[in-house]
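Engineer: Dumping the structure here so I can ask a few things about it.
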Amino acid sequence: MNAPAIIRGWLDERLDLDELTGPLKSKTVPQHRHSHWYYLGGITLFLFAIQVITGLLLLLYYRPSTKEAYESVQFITNRVQFGWLVRSLHSWSANLMIFVAFAHMFSVAFLRAYRKPRELTWITGMVLLLLCLGFGFSGYLLPWNTLSFFATKVGTEVAGLMPVVGHPIKVFIRGGEDIGPPTLSRFFALHVVVLPGLIMGMLGLHLLLVQKFGMSEPPSVEKEWDKLPETRREVKFFPNFFLRDAMAWCGVLALLLVLAALRPSELGTKADPFASAPAGIRPEWYFLAQFQTLRLLPAHIWLFDGELVGVLGFSLAGGVWFALPFLERYLGKNSTLWVRVIAVVAIAYLGSLTLYAYFAK
């Protein structure tokens, strides 16, 4: 008997591996014309794993203080072997993770995969998306360069627009009235301790719900299979679907390596709190639509501050989208059409405002 068989036998005797892997072996995935959307969840998870691995490597050299943060990132980029590649992979995987997470969310909405009994799966997925945005926002400041400093200043000022609780939230996030050493310390703790803990717990719950309820079939496919049960097709999750997922991961990894090599992350200049904000300052692309909307709103809308109305509008729209599985029943018989129209309008709005903010001078 060879060594792997001996080790497997020893582990199987103590852990009962067949019982542990049984759910994976018995799980099946529906196969139909929309099955390709199922891979977006696995790609998001893979990109998160890349984030964790590259983030841990960066932590070996990064120093979370305003005096050393910029210099430590500069050292990683210029002196550490393949440090520029690790940093670029971390940056690009963060952007792709958020993009794929948005695509996954809209695909779930279009396919109405949030329907009973998968309401909690939708809610945990939405929370995970918000945590991903929190990762992007908190990690943006860590290099302590000019662009990230003033973008964070703008972002925290937007949070301060909320009535009553806005100013306390802004002070809490910044660690004071202005952005400084306490802000960097808090963002670092949020980025490497608080958010990873929250996202791991929520991710575990999300995967547990996916495992329990399986993959949802779109209503149109369900009707076809109800009429013609013999046309129903399924494949085993392991190894069939898992191997296809792994092939998608390899493609994403290849894309990441190409992007990191051709467009490595730039560092810019060190942040100077006493300097004037550079022209054209703006947040990362996933906040550009909201940022541009606030810029386009008039200073006052009736008796209220224009930016306040914008922030409240975003909050209301997000709350409605969050509660979509519970509100859909009120849309009547044409709920599928209404949900798709709302999703298309949301994509058009976010995409057009993002492009407008990107190209606007």
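Engineer: How far is helix 39-59 tilted, in degrees, relative to the longest principal axis of the Cα atoms in the chain, given as a value from 0 to 90 rounded to the nearest 10?
Structural biologist: Value to nearest ten degrees: 50.
Engineer: Hey, another quick one. Output ³J(HN,Hα) for the stretch 122-137: one whole-Hz value per residue in order, computed from phi by the Karplus curve 6.51 cos²θ - 1.76 cosθ + 1.60 with θ = phi - 60°, and x for Gly and Pro.
Structural biologist: Once rounded to whole Hz, the list reads 5, 5, 5, x, 5, 4, 4, 5, 4, 5, 4, 5, x, 4, x, 5.
Engineer: What is the log10 of I(q)/I(0) for the stretch 1-118, computed with the Debye formula using one identical point scatterer on each Cα and no solvent, at q = 0.10, 0.16 Å⁻¹?
Structural biologist: -0.60, -0.91
Engineer: What lysines could a cross-link reach from Lys170, if we take a straight Cα to Cα line under 19 Å and drop same-chain neighbours fewer than 8 places away?
Structural biologist: Here the lysines satisfying the reach criterion relative to Lys170 are Lys153.
Engineer: Quickly estimate the mean residue ellipticity at 222 nm for the chain, helices only: each DSSP H run with n ≥ 4 gives -39500 (n - 2.57), and the total goes over all residues, rounded to 500. Don't skip to the answer; put the middle values down first.
Structural biologist: Details: 16 runs with 240 residues, N = 361.
Rounded to the nearest 500, it is -22000 deg cm²/dmol.
Engineer: A further question follows. Within the set of other residues whose C-beta is less than 14 Å from the C-beta of Asp226, count the net charge using Lys and Arg as +1 and Asp and Glu as -1.
Structural biologist: Details: positive: Lys223, Lys227, Arg232; negative: Glu217, Glu222, Glu224, Glu230.
Summing Lys/Arg as +1 and Asp/Glu as -1 gives -1.
Engineer: Mean projection of the alpha-carbon convex hull of the stretch 219-361 over all orientations, in nm²? Intermediate results must be reported in sequence, preceding the final value.
Structural biologist: Values: hull surface 62.9 nm².
Computed as one quarter of the Cα hull surface, the answer is 15.7 nm².
Engineer: Starting from the Kirkwood radius over alpha-carbon pairs of the stretch 282-361, derive D by Stokes-Einstein at 25 °C in a medium of 0.890 mPa s and give it in µm² s⁻¹. Kindly include the intermediate steps, with their values, before the conclusion.
Structural biologist: On the way: Rh = 14.2 Å.
Answer from the Stokes-Einstein relation: 173 µm²/s.
Engineer: Taking the alpha-carbon set of the chain, what are its Rg and Dmax in Å?
Structural biologist: Radius of gyration, then largest Cα-Cα span, for the chain: 23.2, 81 Å.
Engineer: Taking the 0 to 90 degree range and rounding to the nearest ten, how far is the long axis of helix 83-110 tilted relative to the main principal axis of the chain, both from C-alpha atoms?
Structural biologist: Here the helix axis deviates by roughly 60 degrees.
Engineer: Still on this model: Output the peptides 128-139, 205-216 sorted from most to least packed, where packing is the average of other Cβ atoms within 10 Å over each peptide's residues. Intermediate values should be presented prior to the final figure.
Structural biologist: Values: 128-139: 19.7, 205-216: 16.1.
In decreasing order of mean packing, 128-139, 205-216 become 128-139, 205-216.
Engineer: Stretch Arg63-Leu337 to full length: gain in nm at 0.36 nm per residue minus the Cα-Cα span?
Structural biologist: Details: separation 274, 0.36 × 274 = 98.64 nm, distance 5.14 nm.
Full-extension gain reported as 93.5 nm.
Engineer: For the chain, set up a Gaussian network in which alpha carbons nearer than 10 Å are linked by springs, and say which option among Ser88, Ser220, Ser185 fluctuates the most.
Structural biologist: Ser220
Engineer: Note down the relative contact order for the chain as a percent, whole number, built from C-alpha pairs under 8 angstrom at least six residues apart.
Structural biologist: RCO, the chain: 25 percent.
Engineer: Turning to a different aspect of this structure: Eigenvalues of the Cα gyration tensor times 5, then square-rooted: what semi-axes does that give for the stretch 141-191, in whole angstrom, largest first?
Structural biologist: Working: eigenvalues 68, 28, 13 Å².
Three semi-axes, in Å: 18, 12, 8.
Engineer: Among Asp18, Asp272, Asp178, which one moves the most in a GNM of the chain with springs linking Cα atoms closer than 10 Å?
Structural biologist: Taking springs between Cα atoms under 10 Å, the residue moving most is Asp18.
Engineer: If the limit is 20 Å between Cα atoms, which of Lys27/Lys227; Lys116/Lys223; Lys67/Lys270 go over it? Mind showing how you got there, number by number?
Structural biologist: Numbers: Lys27/Lys227 24 Å; Lys116/Lys223 16 Å; Lys67/Lys270 10 Å.
Over 20 Å apart, Cα to Cα: Lys27/Lys227.
Engineer: For the chain, modelled as a GNM with alpha-carbon contacts under 10 angstrom, which of Trp285, Trp37, Trp225 fluctuates the most?
Structural biologist: With Cα springs under 10 Å in the chain, the top fluctuation among Trp285, Trp37, Trp225 is at Trp225.
Since every read-out is calculated from the coordinates, none of them should be taken as a lab result. Computed from a prediction, not measured in an experiment: that's the story for all the values here. Reconstructed Cβ throughout: ideal geometry from the backbone, glycine too, with neighbour counts over all protein chains shown.
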